[in-house]
Every structure is written in structure tokens, then in C-alpha cells.
Amino acid sequence: MAQPTHPDFAAMHGWDRPYEMHGERDLPTYVGLQTFCKRDPVGDAEELMRRHPDVAIVGAPFDDAVSHRSGARFGPRAIRQATYTDGEHSLQLDVEPWAELDVVDAGDANIVPAWLERAHAVIYRKVRDVAACGAVPIVLGGDHSITWPSVTAVAEAVAPRRIGIVHFDAHADTAPDDWGVLAGHGTPMRRLIESGAVLGKNFVQVGLRGYWPGPEVFAWMQAQGMRWHKMREIEERGAEAVIDDAIAEALDGPDMIYLSLDVDVVDPGMAPGTGTPEPGGLLSRELLRAVRRIVGRVELAGMDIVEVSPPYDHAEITAMLGHRAALEAISALAVKKRDGRRVRLAD
């Protein structure tokens, strides 16, 4: 039979001392409700409209559209928690993002497994709610198919202004279909151009390499006026020169840029946790610098970070890269707001 607890047990061990209780944001990042950098959870559409945040994080935990190995459905949670810092001060940009911006975590889209059409519908609605309140959505995927509903929602929200896209990826994602599936993760960029959400000439891809797509798909891309910069060009000209060209091409007519970042654009030695790794990619340092460079120079309509697959990650390397890509974008937006430049989609 268990012995009763000594009546002075708590006092003997100091457990009844009046310890200071810390606020949610002052606790370590692994304690408490898991939101991006401990930002306030604001998931309800009406509450978003009342608050009018500058930026809102959206989770899209969906990977039913992958063509190789899955696991990206666990990406949003992994990205949110893969950090030891709450992002109070950016050393690269010398700014305190939370002092300049109101950033909230709008939570995840209401996704259930094995229902592709429903998943894309609820992602579209979640991103639309964020964009409707004027906040810049930063969407954490999920596989790359989520870019189709995300960009569509943003394009509708900012109309009649037009958006261009800068798309970082090892793969073009412009296939006509994935084994008959029109909404696979290899097809979203074709769907966006076919729907008219983005003009082909303002769709710019950076980091393509490897052995897909073939000549037929590239011929379709060329017919749409799409522009791309393969890794060989980055190797020869340097990342910054290519990024400057990509910005100019994406803004050849449009007013804003949507940034889509597939982590497989980075060399798998620095981003192993992804479904379709392709050797020979960007350094993580080059990608983060490119994010700061783009967001700091353009009006950002939205952003997604996709294909982070925790089951294939090691020591949270890839998830942390995804986290830092979002945080670098937020910090660049903070600099813009501090300098009196426009950040929100609408005011």
C-alpha cells in the first residue's frame, strides 16, 4: 500500500515557494501553445477583420498530392516549433520585427486526409480570410499543390491589382497532370497560368535543375511566356544577379509579387527533409539572402514555404530553414514598415 504524502513534503522541497510565473511569450519556445514565434493565435475570420494584423501565418498540413515520398503534412507543425528563438531582433537587418509589425498565427486550414478537393477548398478559404483582412499571408505547407488555392485566393483579394510570382524550386511544377490528377504537386503552376490568376510572362522560376521536366513541358512553358533561371545560370552569374532579374521579370506589368519557396531548391545536404531531393542546389545562406532581397524591394502579396517533410529531416535542419525563411520575410517587412513603406495588402 502506498504511504501517504508527508504533510510538509512540498515545504521540505521548496515546492510551495512563491515562484514568479512568466507570461506565454517569455517562456522557452518549446513550452506552451505552439504558434509561430509565440505570436497570438487568431484563427477566426471575424477576429482577423477586427484586429487587422500586418501578417498572418497559415498552416496547410496537406500532402495527399505528392508523387514520391510524403510527410509534408507534418511540415507546418515542424516549421512552427523548429526554433530556439522568438525572433525579437534580426541581426541581418537590424530590426525588431515584433516592435514594428502585428503578426498573428491564424492556425491551420481545416484539413482531413484523403480528400484532395476539400483540402484545396479549405486552404483557399483560409488564405482568402487572411487576405480579406488586409494581412500578408505566409502559408506553411504541405506539398506544393497548396500554391494553387493559395495564390488564387490572394489574386482575388488584391484585384484589380495584378501579381507576379517568383518561384524557387528544383522542379518547374508545370506538368499537364500527375498520372491523370490535375491538382498534383507537379501541376500547380500550370493550373495558375491556365486559370489566369497569373500571366505566364510574370511567372519566374529560380533554381531549376535535375532531369525533369522534359522538352515538351518546357515548350509549353515557353509558349506561355514563362521565364526561368536554372542552377547553372546561378553558378555562372551569381545568385544576386539572377534574383534582380527575377524581380524585374515578375514585375513586368504586375504591382505585387507572391513568393513560393519549395525547400528542395536548396541542396539536400542543407535541406534533407523533403520529398523529392535534387543534389546541386542553393546554399541555405543564398536562399535566405534572396528572401530578404525580394521582400525588401517589392510589395509582397503573399508567400508559401512548402515540401518540408519532417520524417526525412535530420536534427530539424530543413524545418529550421523553413522557419527562418518565414522569419526573414517578416523581418524584411518590418524594415519596410519602420521606413514608412506599405506592408499590408489593404488598409
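The values are calculated or read from the model by the stated rules, or taken from the named source; none is laboratory data. This structure is a prediction, so every number in the text was calculated from the model and none was measured. Don't worry about glycine lacking a Cβ; one is built from the backbone with ideal geometry, like all the others, and counts go over all protein chains shown.
Numbers for the structure displayed
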read-out: The stretch 88-116: number of residues that are farther than 22 Å from ASP129 by Cα and either hydroxyl-bearing (Ser, Thr, Tyr) or buried (at least 23 other Cβ atoms within 10 Å of the Cβ) (or both); value: 2
read-out: Residue match in the stretch 297-311 (condition: small (Gly, Ala, Ser), over 30 Å from VAL158 (Cα atoms) and surrounded by fewer than 24 Cβ atoms within 10 Å (Cβ to Cβ)); value: no
read-out: Members of the stretch 115-133 found to be assigned to a loop (DSSP other than H, G, I, E, B) and either within 14 Å of the chain's Cα centre (by Cα) or modelled with pLDDT under 95 (or both), listed by number; value: TRP115
read-out: One residue from LEU282, LEU251 being surrounded by 20 or more Cβ atoms within 10 Å (Cβ to Cβ), in contact (Cβ under 8 Å) with a residue 60 or more places away in the chain, farther than 30 Å from ARG128 by Cα and not β-branched (Val, Ile, Thr); value: LEU282
read-out: Failed criterion for VAL58 (all others in (1) modelled with pLDDT under 95; (2) β-branched (Val, Ile, Thr); (3) surrounded by 14 or more Cβ atoms within 10 Å (Cβ to Cβ) hold); value: (1)
read-out: Selection within the stretch 29-46 - under 27 Å from ARG324 (Cα atoms) and free of Cβ contacts under 8 Å to residues at least 40 places away in the same chain; value: VAL31, GLY32, LEU33, ASP44
read-out: Residue count, the stretch 134-174 (criterion: buried (at least 24 other Cβ atoms within 10 Å of the Cβ), outside any helix (DSSP H, G or I) and not β-branched (Val, Ile, Thr)); value: 13
read-out: Candidates TRP148, TRP115 - the one that is out of contact with any Cys (no Cβ under 8 Å at 6 or more places or on another chain) and under 22 Å from TRP220 (Cβ atoms); value: TRP148
read-out: Close pairs (9 angstrom Cβ cut-off, 6 or more residues apart or separate chains): at positive phi in the stretch 110-139, modelled with pLDDT under 95 anywhere; value: GLY134/ALA346; GLY134/ASP347
read-out: Qualifying position, being in contact (Cβ under 8 Å) with a residue 12 or more places away in the chain and either closer than 24 Å to ALA65 by Cβ or under 15 Å from the mean Cα position of the chain (by Cα) (or both), among ASP347, ASP304; value: ASP304
read-out: Residue selected from the stretch 197-214 under the condition assigned to a strand (DSSP E or B) and touching an Asp or Glu at 6+ places or on another chain (Cβ under 8 Å), by the criterion nearest to LEU251 (Cα to Cα); value: VAL204
read-out: Index of the failed condition, TYR19 passing every other in (1) in contact (Cβ under 8 Å) with a residue 12 or more places away in the chain; (2) on the phi < 0 side of the Ramachandran plot; value: (1)
